[in-house]
Amino acid sequence: MSLLDSIPFLRRRPQADWREVLRALPVRNSRLDWSEDDAGMVALRIPQREDRWVRILNRIAAAPEHKQVVLDEIGSDVWRLCDGVTPVETIVRALMKKYKLSRREVELSLSLYLKQLAKRGYLGLAVAPDSIHVDAVQPANRKKSKECKPSIPRPSA
């Protein structure tokens, strides 16, 4: 164990393999409200934090209850596809087809975009059910069963 691993905020995070991320399912944060305008642009409504400092600042000056973020055309397409059912691989193919981009361009842009959305807490990545491995046949002499716990792959920093 290195010194960096002993300090919580400096601890190295496990890096996800891109193949795992392609199988992952982007899931929207259920606390966010969103809507589409006539042009098809998605507008996210992010609720204000509910901590002590915000309550103190609200006594001094009233702050809005929500912050609004309007996504561009491609961002809106990605947001609509982040439904918890569509894997990242399908999103890559859809963007390649619609915008006539190479796979490499889409993967680079999409990975950065998903990282930003995840970092801000707008969405998360869930492991696809078919990628969870469970041993079908377990030896009779094994006393403890080995459980396979699903994990959320984290994008590399």
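The values are calculated or read from the model by the stated rules, or taken from the named source; none is laboratory data. Because the structure is a prediction, the values reported are computed rather than measured. Cβ: placed from backbone, ideal geometry, glycine included. Neighbour counts: every protein chain shown.
Criterion first (surrounded by 13 or more Cβ atoms within 10 Å (Cβ to Cβ), out of contact with any strand residue (DSSP E or B) (no Cβ under 7 Å at 6 or more places or on another chain) and of a type outside the set (Ser, Thr, Tyr)) does Glu36 satisfy it? Taking the combined requirement at face value, the residue does not satisfy it.
Rundown of residues vs (1) more than 15 Å from the chain's Cα centre (by Cα); (2) modelled with pLDDT of 90 or more, yes/no style:
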{"site": "Trp34", "(1), (2)": "yes, yes"}
{"site": "Val42", "(1), (2)": "yes, yes"}
{"site": "Arg59", "(1), (2)": "yes, no"}
{"site": "Glu73", "(1), (2)": "yes, yes"}
{"site": "Arg80", "(1), (2)": "no, yes"}
{"site": "Thr86", "(1), (2)": "no, yes"}
{"site": "Ser102", "(1), (2)": "yes, yes"}
{"site": "Leu125", "(1), (2)": "no, no"}
{"site": "Ile132", "(1), (2)": "yes, no"}
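Looking across region 68-113, just one residue is assigned to a loop (DSSP other than H, G, I, E, B), among the polar types (S, T, N, Q) and surrounded by 12 or more Cβ atoms within 10 Å (Cβ to Cβ), and that is Thr86. Checked against the criterion of being at pLDDT below 95, loosely packed, with under 11 Cβ neighbours inside 10 Å and of a type in the set (Val, Ile, Thr), region 2-13 contains one or more residues that satisfy it. Residues that are among the basic types (Lys, Arg) and within 20 Å of the chain's Cα centre (by Cα) within region 44-57 comprise Arg45, Arg49, listed in sequence order.
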